[in-house]
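Just so it is clear, none of the values below were taken in a lab; they were calculated from the coordinates. Since the structure is predicted, the reported quantities are computational estimates derived from the model, not experimental observations. Cβ placement follows ideal geometry from the backbone for every residue including glycine, while neighbour counts extend to all protein chains displayed.
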Amino acid sequence: MVDTILELFQRDLENLKSEISSYKDEKLLWLTTGEVKNSAGNLCLHICGNLQHFVGSVIGNSGYLRKRDLEFSKKNIPVEKLIEEIGVTLQIVQTTLTNLGEGKLAEKYPLDVFGYEMTTGFFLTHLTTHLNYHLGQINYHRRILDN
């Protein structure tokens, strides 16, 4: 199951690179419109911060210190830097999950994120769906603003 979770993270982080790179006008990465309250750039930073924290730091002891508020307040970061950050995130996820034994999936996740106990496997599965949810938002954002 670890291999499956890793494959999903790899696929969707590569898709995130593709979405971010597909904007014809990179200034549009930082705009919002109507009911769309988060920019694609900020969602990208949020995805990276989320995975570097919950996978890299909590499971892999990477030492990453999350600054969640900056994920939504930083602006106008060049596409190349966002792609680089996605690459760093992918490397951290790969390293952490490659070193994660199958038995760890059944163990309690070290943080009480939702107010109840859950297994590491459950939370990693949640993180794949969280990534995919925001990836869909970014795709929608791009198609609305960058057509």
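What is the sum of charges around residue 101, taking Lys and Arg as +1, Asp and Glu as -1, for the other residues whose C-beta is under 13 Å from the C-beta of residue 101? Don't skip to the end; give the middle numbers.
On the way: positive: 104; negative: 3, 102, 107.
Every neighbour counted, the sum reads -2.
When each of 35, 71 is scored by the number of other beta-carbon atoms lying within 10 Å, the sequence from fewest to most is 35, 71. For the chain, modelled as a GNM whose springs connect Cα atoms under 10 angstrom apart, the maximal fluctuation among 109, 23, 133 occurs at 133. Here the simple spin-label model places points 7 Å from the Cα toward Cβ, and for residue 21 and residue 76 these points are separated by 2.6 nm.
Compared with the dominant principal axis of the Cα atoms in the chain, helix 79-98 is inclined by about 10°. Mind pulling the angle between the C-alpha long axis of helix 40-51 and the longest principal axis of the chain? Nearest 10 degrees, somewhere in 0 to 90. Its long axis makes an angle of about 10 degrees. Taking the longest Cα principal axis of the chain as reference, the axis of helix 120-145 is set at about 10 degrees. Taken one residue at a time, the phi angles of region 66-74 give Karplus couplings (6.51, -1.76, 1.60, θ = phi - 60°) of 7, 10, 4, 4, 5, 4, 10, 10, 5 Hz. Gly and Pro are set to x. Normalising the average separation of contacting C-alpha pairs (under 8 angstrom, six or more residues apart) by the number of residues puts the relative contact order of region 4-147 at 34 percent. As a proxy for reagent exposure, ranking 77, 47, 92, 144 by other Cβ atoms within 10 Å from fewest up yields 144, 77, 92, 47.
Residues whose amide H lies under 5 Å from that of residue 119, counting only those 5 or more places away or on a different chain, are 109; hydrogens are built 1.01 Å from N in the peptide plane. Pick from 65, 135, 127: which residue has the top mean-square fluctuation in a GNM of the chain where Cα pairs under 10 Å get a spring? Greatest mean-square fluctuation among the candidates belongs to 65. Identify all lysines with a Cα-Cα distance to residue 108 below 30 Å; exclude those on the same chain that are fewer than 8 residues away in sequence. In chain and number order, the partners are 67.
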